[in-house]
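Encoded as structure tokens, the structure appears first; notes follow it.
The values are calculated or read from the model by the stated rules, or taken from the named source; none is laboratory data. Remember, predicted model here, so these are calculated numbers, not experimental data. Don't worry about glycine lacking a Cβ; one is built from the backbone with ideal geometry, like all the others, and counts go over all protein chains shown.
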Amino acid sequence: MKKRLIIIGAGASGMFAALVAAGSHFENKNSLDIIILDANDTPGKKILMTGNGRCNLCNINTDDSKYYCTNKQFVKSILEQFGQNEVIQAFRQLGITLKDKNGYMYPASMQALTVSQSLISALRISGVSLVNNCYVQKISVNPDNTFCLEVSENENQKQYQGDYVIVACGSNAGLKSDNVSDIIKSIKCLGHRFNRLVPSLCSLYADKRNDGYKEFFKKVSGVRTEIKAGLTYMGEKYFATGELQVTEYGLSGIVIFELSHVISTLINREKKSDINLDIDFLPEYDEVEILAFLKSQLHYPKKSLLDLFSGILNSKLALGLLKLYTSLCDSSTKPFIKNCPDEKMLQLLHFIKNAPFKIKGTNDTLHSQVCSGGVDISDISWDTLESNVIKNLYFTGEIIDVDGICGGYNLQWAWSTGYIAGRSIANDSNIAD
């Protein structure tokens with residue numbers, strides 16, 4: 001009699017785990033009956049949202065430094081078992097060739113739909129069953145150590161019995177509906193430690209109580225520019241470089257996303273307020289170099305500060321920063337003054353390279369790409385991703401307390417953990433040949 005594997009969630013890690021558990025070359029060669037229960041109306045729904053619809057499914061520069069985790073050795077051990085090269089080979093087997101865009105790996109079609117459809121097709125060929133609109137309300141363990149899942153399926157109450165369970169439900173990041181709260185409750189009731197989910201890879205709300213900041217965000221909204229941003233907390237420094245997008249409510253862009261894990265943890269989990277973020281708007285140069293360049297220009301003494309800085313910064317940003325400096329630091333140094341003394345110019349340049357912003361909040365889960373938090377890694381086997389608390393219960397993807405920065409690293413985590421859990425169950429000695 002076939003043993004049943006139930007996978008909760010038809011996302012990247014859940015579908016990939018099912019294919020690996022089905023057997024070699026993604027064809028069902030073992031005696032497992034595999035079924036995926038998904039709360040959404042379409043499998044792979046969040047895959048379609050990744051990479052702005054293009055699906056950046058891995059990165060050739062993947063390593064444990066690209067992830068937030070309480071123990072980086074855990075991440076390293078997972079990636080060593082199934083890394084980016086294995087992902088590329090696996091998708092070739094599925095018929096998908098990849099394009100390298102500065103290390104970011106995309107399907108050659110540049111469509112996330114290609115990835116989702118290929119996975120769904122492979123699942124059908126391998127005999128895996130997919131059930132959509134199936135919301136898991138409770139996971140419990142039967143007296144014989146099998147599992148009972150109570151679900152609402154198309155608004156009807158139902159139960160599924162299984163020998164193995166993989167929790168691959170992810171989080172509610174990017175979704176309007178709450179698909180995971182009851183699952184998390186069950187995970188906790190079964191004895192696992194669970195770190196509260198908070199938004200990550202998200203934009204930030206800035207403090208605009210000061211009129212100078214209020215005007216800055218209103219006038220500079222929409223500007224994109226390359227920066228270096230950093231913050232210090234409990235003696236530890238965090239930095240990121242990349243594109244910033246200024247919005248009316250605050251700060252966004254890849255560089256902000258990369259720092260959002262730390263800031264979201266401080267604000268949403270530790271209840272800290274007014275996080276200080278310093279931004280270098282001219283990260284390529286130091287103050288002395290910039291001053292020398294400005295003074296080398298023709299007619300330097302006759303040019304206003306705005307004229308000078310519009311040559312090295314977006315003009316809206318230059319005006320916004322100059323006015324912010326006037327408001328916060330020196331009311332005599334205005335955007336249209338000329339022949340600014342060197343000492344004052346260096347003070348202004350120092351401000352532009354260390355502009356202070358206070359962060360008062362993060363965007364919500366709906367507007368975040370992933371969530372930070374999840375099942376504590378101390379309750380999970382590093383070799384198999386099986387629970388250390390409940391036998392034959394496994395965790396994959398975002399439900400584990402690991403999250404990556406932008407660049408395909410979170411999908412890499414999904415493929416890697418899905419592979420390990422699927423392989424572990426397929427190799428379990430209790431499965432009959």
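Out of curiosity, is Gly174 outside any loop (DSSP other than H, G, I, E, B) and either surrounded by 15 or more Cβ atoms within 10 Å (Cβ to Cβ) or in the same structural domain as Met15 (by TED's automatic domain parsing) (or both)?
Against the criterion (outside any loop (DSSP other than H, G, I, E, B) and either surrounded by 15 or more Cβ atoms within 10 Å (Cβ to Cβ) or in the same structural domain as Met15 (by TED's automatic domain parsing) (or both)), Gly174 does not qualify.
Would you mind finding the one in Ile35, Ile60, Ile78 that is among the aliphatic types (A, V, I, L, M), more than 21 Å from Leu123 (Cα to Cα), touching a Phe, Trp or Tyr at 6+ places or on another chain (Cβ under 8 Å) and in the same structural domain as Ile96 (by TED's automatic domain parsing)?
After applying the criteria, what remains is Ile78.
Residues to consider are Lys2, Lys76; find the one that is of a type in the set (Lys, Arg) and farther than 30 Å from Cys148 by Cβ.
Lys76
Taking segment 225-235 as the search range and keeping residues that are without any contact (Cβ under 8 Å) to a residue 60 or more places away in the chain and in contact with a strand residue (DSSP E or B) (Cβ under 9 Å, 6 or more places away or on another chain), which one is surrounded by the most Cβ atoms within 10 Å (Cβ to Cβ)? I'd like the intermediate steps shown before the answer.
Step one: filter segment 225-235 for residues without any contact (Cβ under 8 Å) to a residue 60 or more places away in the chain, giving 226-235.
Now narrow it down to the ones that are in contact with a strand residue (DSSP E or B) (Cβ under 9 Å, 6 or more places away or on another chain): 226-233.
On the way: Glu226: 15, Ile227: 22, Lys228: 18, Ala229: 24, Gly230: 17, Leu231: 19, Thr232: 12, Tyr233: 15.
Top of the filtered list is Ala229.
Being in contact (Cβ under 8 Å) with a residue 24 or more places away in the chain and charged (D, E, K, R) is the filter; apply it to segment 257-271 and report the residue that is surrounded by the most Cβ atoms within 10 Å (Cβ to Cβ).
Residues of segment 257-271 in contact (Cβ under 8 Å) with a residue 24 or more places away in the chain: 257-269.
From the residues that got through so far, the ones that are charged (D, E, K, R) too are 258, 269.
Working: Glu258: 22, Arg269: 14.
Per the stated criteria, the residue is Glu258.
For Ala168, are the conditions met, namely being closer than 30 Å to Lys391 by Cβ, out of contact with any His (no Cβ under 8 Å at 6 or more places or on another chain) and at pLDDT 95 or above?
In short, yes.
Here is a check on your reading of the model: is Arg54 basic (Lys, Arg), over 23 Å from Arg423 (Cβ atoms) and touching a residue at least 40 places away in the same chain (Cβ under 8 Å)?
The answer is yes for Arg54.
Give the number of residues within segment 77-108 that are outside any helix (DSSP H, G or I), over 21 Å from the mean Cα position of the chain (by Cα) and polar (S, T, N, Q).
Residues in segment 77-108 being outside any helix (DSSP H, G or I), over 21 Å from the mean Cα position of the chain (by Cα) and polar (S, T, N, Q): 1 in total.
Assuming Tyr238 fulfils every condition listed in (1) loosely packed, with under 15 Cβ neighbours inside 10 Å; (2) touching a residue at least 12 places away in the same chain (Cβ under 8 Å); (3) not assigned by TED's automatic domain parsing to the domain that holds Val136; (4) not hydrophobic (A, V, I, L, M, F, W, C) apart from one, which condition is it?
Every condition holds for Tyr238 apart from (1).
Identify, please: which residue in segment 126-158 is out of contact with any strand residue (DSSP E or B) (no Cβ under 9 Å at 6 or more places or on another chain) and within 17 Å of Asn40 (Cα to Cα) and is, among those, surrounded by the fewest Cβ atoms within 10 Å (Cβ to Cβ)?
Residue satisfying both the conditions and the ranking: Glu155.
Which condition from (1) surrounded by fewer than 19 Cβ atoms within 10 Å (Cβ to Cβ); (2) more than 23 Å from Thr265 (Cβ to Cβ) is the one that Phe216 breaks?
Only one criterion in (1) surrounded by fewer than 19 Cβ atoms within 10 Å (Cβ to Cβ); (2) more than 23 Å from Thr265 (Cβ to Cβ) is unmet by Phe216, namely (1).
Just to be sure, is Ile47 out of contact with any Ser or Thr (no Cβ under 6 Å at 6 or more places or on another chain), at pLDDT 90 or above and under 17 Å from Phe16 (Cβ atoms)?
When the stated conditions are applied, Ile47 does not pass them.
Return only the number of the condition from (1) closer than 18 Å to Gly361 by Cβ; (2) of a type outside the set (Phe, Trp, Tyr); (3) without any contact (Cβ under 8 Å) to a residue 60 or more places away in the chain that Asp207 does not satisfy.
(3)
Starting from residues that are among the aromatic types (Phe, Trp, Tyr) and touching a residue at least 40 places away in the same chain (Cβ under 8 Å), keep the ones in segment 61-100 and report whichever is farthest from Ser116 (Cα to Cα).
So the first thing to find is which residues in segment 61-100 are among the aromatic types (Phe, Trp, Tyr), and the list is 67-68, 74, 82, 91.
With the extra rule that they be touching a residue at least 40 places away in the same chain (Cβ under 8 Å), the set shrinks to 67-68, 74, 82.
Working: Tyr67: 24, Tyr68: 26, Phe74: 28, Phe82: 20 Å.
Among those that are among the aromatic types (Phe, Trp, Tyr) and touching a residue at least 40 places away in the same chain (Cβ under 8 Å), it is Phe74.
So Ile275 passes all but one of these: (1) buried (at least 16 other Cβ atoms within 10 Å of the Cβ); (2) out of contact with any helix residue (DSSP H, G or I) (no Cβ under 7 Å at 6 or more places or on another chain). Which condition number does it fail?
Evaluating Ile275 over (1) buried (at least 16 other Cβ atoms within 10 Å of the Cβ); (2) out of contact with any helix residue (DSSP H, G or I) (no Cβ under 7 Å at 6 or more places or on another chain) leaves (2) as the failure.
I'd like to check which strands (runs of 3 or more DSSP E) are fully inside segment 352-433 and have at least 3 residues that are surrounded by fewer than 24 Cβ atoms within 10 Å (Cβ to Cβ) and in contact with a Leu (Cβ under 8 Å, 6 or more places away or on another chain).
Those strands (runs of 3 or more DSSP E) span 355-362.
For segment 201-247, enumerate the residues that are in a strand (DSSP E or B) and among the β-branched types (Val, Ile, Thr).
Listed by number, the residues that qualify are Thr225, Ile227, Thr232, Thr241, Val246.
Within segment 283-321, can you find the residues that are buried (at least 20 other Cβ atoms within 10 Å of the Cβ) and touching an Asp or Glu at 6+ places or on another chain (Cβ under 9 Å)?
Gly320 - this is the single residue of segment 283-321 that is buried (at least 20 other Cβ atoms within 10 Å of the Cβ) and touching an Asp or Glu at 6+ places or on another chain (Cβ under 9 Å).
Starting from segment 281-310, take each residue that is more than 20 Å from Val223 (Cβ to Cβ) and list its partners that are of a type in the set (Ser, Thr, Tyr), counting only C-beta distances under 8 angstrom and pairs at least six apart or across chains.
Cβ pairs passing all conditions: Phe293/Tyr285; Leu294/Tyr300.
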